[in-house]
Amino acid sequence: MAAAGNERFAKTHEWIRPEPSGVATVGISAYAVEALTDLVFMQLPAVGKRVQAGESIGEIESVKAVSDFYAPVAGEIVEVNTALPGKLETLAADPYGAGWIVRIKPDDPATLAGLLDASAYDALVKSQPH
Amino acid sequence: MGMIGDLLLAWWDDAASGAHNMAADEMLAAEAARRGQPLIRFYGWDSPTVSLGGFQAIAAARSIPAIAAAPVVRRPSGGGALVHGTDLTYALAVPRGHAWARSPLPLYDAVHEALVAVLDEHGVVARRHPGWPASPADPFFCFSRRASGDVVAARPGQGAADDDPKILGSAQRRLAAAVVQHGSLLLTSNPGVGAAARHPGLADVGGGVCLESLRGVAEAWTRHIAAAGGLRVIWQPATFAAGREAELASALARYREARWLERR
């Protein structure tokens, strides 16, 4: 599944998509997943955890690196994708669909608008040093 | 005169405890982000110490008699456990905006290729291993694994073999503002732990001459790393942490906590 188009992006490469239910789904971008080859382990946050924007909410281990992923907005973790750690290839195969990581109930849904839209995120990625 | 981003600042730090070294590596990352430039430090360990990969189980470490007497610290990075004390350890931190931070490989490649070049200058035939497939059943010790790019050295008088001794392994922690990569160049097999936890080192593959001037090796290694990044090396007279003792103490306390060590 490609990005739906209504995702917003953090500069740290997480995407967040508002859902009709009022929660927001969070994952990491295809660009970020591609950079992390050979994933071996993932640690998810606990449901019910309160998080601040920019706070680390979990870790992904690849053969060469451990990377944090961050909450794009403040809120409460209301659901985690418990199937993901056992099937890490899903992150690369479907980063905007089955590779979602957590669902957050934002404290203030309006804060999503302060994140990057797809075109701004694309420009950020293209500006990364080579 | 180069701009500040064109420099690689380097330090030689004293031997210290595991918790101190991990705290210092974390601080090195923060300092690289603050200064906006790459920083590298070389350091030792004040006793034979086991550093666990970030996700390894403490119970696994405690079940191995060969390392039962050694202090254990958990690294912020991943990979397998290392037995320190007869190695030369480095940490290289780069700010997120640097080309080396874009993905794990560029930094890994720069450091490991640089060591191969230094060893070649010393007559040691070393190369980067293609890697063995990673799996949850990987061996406990880093030096029993082979990740793509690990530096291995041929046994004296023998050609390259798939099981050539690994002499350098590295791992990264990728933070929001910086990436820190640390790694261990194994100099000799470590007599401070039991035989089951020992691995052959550089001296065992004909690199004994390197041990005569470790600082010279570190300086040559740093020079090659810097050349790969188009950087100019400046060795600093005092540790990067001078004047930041309170910050170091705070990080040190976290690495000493059972909550961190026993997180898995």
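The values are calculated or read from the model by the stated rules, or taken from the named source; none is laboratory data. Everything numeric here is computed off the predicted structure, so don't read it as measured data. No Cβ is skipped: glycine too gets one built from the backbone with ideal geometry, and neighbour counts run over all protein chains shown.
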Exercise for review: Please verify whether the range B:182-190 includes one or more residues that are within 14 Å of chain A (Cβ to nearest Cβ) and modelled with pLDDT of 95 or more.
Suggested key: yes
Revision key, fill the gap. Within the range B:86-104, of all residues that are in contact with a Gly (Cβ under 8 Å, 6 or more places away or on another chain) and assigned to a helix (DSSP H, G or I), the one nearest to the other protein chains (Cβ to nearest Cβ) is B:Ala99
Check your understanding: Among A:Ala98, A:Ala110, which is surrounded by fewer than 19 Cβ atoms within 10 Å (Cβ to Cβ) and part of a helix (DSSP H, G or I)?
Key -> A:Ala110
Review point. What is the residue count in the range B:123-145 for residues that are outside any helix (DSSP H, G or I) and surrounded by fewer than 17 Cβ atoms within 10 Å (Cβ to Cβ)?
Key: 10
Exercise for review: Looking only at the range B:210-226, decide whether some residue is of a type in the set (S, T, N, Q) and more than 16 Å from B:Asp87 (Cα to Cα).
Suggested key: yes
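Tally the residues that are basic (Lys, Arg) and assigned to a loop (DSSP other than H, G, I, E, B), restricting the search to the range B:146-167.
Residues in the range B:146-167 being basic (Lys, Arg) and assigned to a loop (DSSP other than H, G, I, E, B): 2 in total.
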Exercise for review: Find the strands (runs of 3 or more DSSP E) located wholly in the range A:1-89 whose residues include 1 or more that are more than 15 Å from the chain's Cα centre (by Cα), polar (S, T, N, Q) and within 11 Å of chain B (Cβ to nearest Cβ), and list them.
Suggested key: A:56-62
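Look through A:Glu61, A:Glu7 and report the one residue that is closer than 30 Å to B:Val151 by Cα and buried (at least 19 other Cβ atoms within 10 Å of the Cβ).
Unique residue meeting the criteria: A:Glu61.
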Exercise for review: Could you tell me which of the residues B:Val118, B:Val83, B:Val124, B:Val151 is more than 11 Å from every other protein chain (Cβ to nearest Cβ), among the aliphatic types (A, V, I, L, M) and without any contact (Cβ under 8 Å) to a residue 40 or more places away in the chain?
Suggested key: B:Val151
Practice item. Answer with yes or no whether B:Asp14 is under 18 Å from B:Leu185 (Cβ atoms), among the charged types (D, E, K, R), out of contact with any helix residue (DSSP H, G or I) (no Cβ under 6 Å at 6 or more places or on another chain) and part of a loop (DSSP other than H, G, I, E, B). Key: yes
Review point. All but one of (1) assigned to a helix (DSSP H, G or I); (2) buried (at least 16 other Cβ atoms within 10 Å of the Cβ) hold for B:Ser170; which doesn't?
Key: (1)
Review point. Where residues in the range B:38-53 are in a loop (DSSP other than H, G, I, E, B) and without any contact (Cβ under 8 Å) to a residue 60 or more places away in the chain, which of them is nearest to B:Ala93 (Cα to Cα)?
Key: B:Gly44
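Loosely packed, with under 15 Cβ neighbours inside 10 Å, of a type outside the set (Lys, Arg) and modelled with pLDDT of 95 or more: which single residue out of B:Trp235, B:Trp221 fits that description?
B:Trp235
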Review point. Are there any pairs with C-beta distances below 8 angstrom linking a residue in the range A:40-61 that is touching a residue at least 40 places away in the same chain (Cβ under 8 Å) to a residue that is surrounded by fewer than 19 Cβ atoms within 10 Å (Cβ to Cβ) and hydroxyl-bearing (Ser, Thr, Tyr), with the two at least 6 apart or on different chains, and if so which?
Key: A:Leu44/A:Thr82; A:Ala53/A:Thr111
Check your understanding: Which residues, taken from the range B:228-254, are under 23 Å from B:Gly18 (Cβ atoms), under 19 Å from the mean Cα position of the chain (by Cα) and part of a loop (DSSP other than H, G, I, E, B)?
Key -> B:Thr239, B:Phe240, B:Ala241
